[in-house]
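The values are calculated or read from the model by the stated rules, or taken from the named source; none is laboratory data. These numbers were taken from a predicted model, which means no experiment stands behind them. So basically every Cβ, Gly included, is an ideal-geometry build from the backbone, and we count neighbours across all protein chains shown.
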Amino acid sequence: MLVIFAPGETQKVVRFSARDGTEASRYNGFAVTPSVIDPASAVAHYTSVEPGILSLRNAPPIIHTPAASDLQGDPVYTMTQGCPFTFTWLVSDVRDDLASLQLKWYFGDGGTLSVTGATGAFTHAYLSTGDFIVTLVVIDKDGGYRDIRFKVRTIAATGFALWAAQRGLSGYPHDLFALDWNGDGIANGFEYAFGDNLTNGAPLMSIRLVDGAPVIETPRRAAGTTGDAFVTVQACTNLLANQWNVPTGPLNHPAKPGNRDWYAPLVEVPGRAFFRLRVQLE
């Protein structure tokens, strides 16, 4: 860069703009002040070259998602063996670097994946159970570098986890339990607990009078859910009052439909009581 001073000038302001979009391009420049020399020898300085160095510091990318974790602590994600799990990422950098960000994922099971861009998602399945350390490395086009490590855990597909894996669902079981995977308005937990015994239009719980006594009716619990889901009946005498569990026992009765279960209270229940059905994942 050549800077020429007119006679009498003592200072010039040099401004520059960096193509990378670095924050330095937003500043007001820097001042160059010439040395005062003897006019008789000034001609010698017109042909001299004095090198100057302008250094731009490249800020490395910042990884917002996923977050690094204590590798000795709890896992960041828990997933089911053999079930594709969705990983997402969010990285920030200067504007001109965002589109060309290079990401390298190391999954800890020997698998790797290269992707580009500031945000996105993909799936990866672990074929064995255990804890794995995932490493994410991000590099921008100017060599800015950042990496994080976090722990994930895979568990064997049994019970509800197996039910979810068979339907291509991934994530935390207690979150999936409350979702509606097929959009029919019934939560996953109910579909898992009652299976095909759920009937469109039939209530999840109803109260019947059988031989003059109240009976709680629910869909018949699906086979194989023992130990994973169980049904409790709770009652209260006022919607604002505390609730209590009502001990019940199965009632076999000739009038009971084949795809429904009846539960008879084992204790005396107040005549004006409210009931609700609760399904819990173990």
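Listed values, structure above:
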{"item": "Residue that is farthest from His64 (Cα to Cα), among those in segment 114-136 that are surrounded by 13 or more Cβ atoms within 10 Å (Cβ to Cβ) and among the hydrophobic types (A, V, I, L, M, F, W, C)", "result": "Ala125"}
{"item": "Options Thr88, Thr80: the member that is at pLDDT 85 or above and either under 21 Å from Arg146 (Cα atoms) or in the same structural domain as Tyr126 (by TED's automatic domain parsing) (or both)", "result": "Thr88"}
{"item": "Top-ranked residue in segment 86-96 [being part of a strand (DSSP E or B) and surrounded by 18 or more Cβ atoms within 10 Å (Cβ to Cβ); ranked as nearest to the chain's Cα centre (by Cα)]", "result": "Phe87"}
{"item": "Pick from segment 109-152, criterion touching a Gly at 6+ places or on another chain (Cβ under 9 Å) and either of a type in the set (Val, Ile, Thr) or not assigned by TED's automatic domain parsing to the domain that holds Pro75 (or both), ranking: nearest to Ala59 (Cα to Cα)", "result": "Val138"}
{"item": "Matching option when the condition is in contact (Cβ under 8 Å) with a residue 40 or more places away in the chain, within 26 Å of Gly73 (Cβ to Cβ), surrounded by 15 or more Cβ atoms within 10 Å (Cβ to Cβ) and under 17 Å from the mean Cα position of the chain (by Cα), among Phe160, Phe150", "result": "Phe150"}
{"item": "One residue from Arg221, Arg146, Arg153, Arg167 being out of contact with any Leu (no Cβ under 6 Å at 6 or more places or on another chain) and more than 27 Å from Gln81 (Cβ to Cβ)", "result": "Arg146"}
{"item": "Matching option when the condition is closer than 28 Å to His124 by Cα and not in a loop (DSSP other than H, G, I, E, B), among Gly189, Gly171", "result": "Gly189"}
{"item": "Condition met for Ala99 (in the same structural domain as Asp70 (by TED's automatic domain parsing), surrounded by fewer than 18 Cβ atoms within 10 Å (Cβ to Cβ), more than 21 Å from the chain's Cα centre (by Cα) and without any contact (Cβ under 8 Å) to a residue 40 or more places away in the chain)", "result": "yes"}
{"item": "Every pair of residues 6+ apart whose Cβ atoms lie under 7 Å, when the first sits in segment 129-142 and is on the phi > 0 side of the Ramachandran plot while the second is at pLDDT below 95 and surrounded by 16 or more Cβ atoms within 10 Å (Cβ to Cβ)", "result": "Gly130/Thr154"}
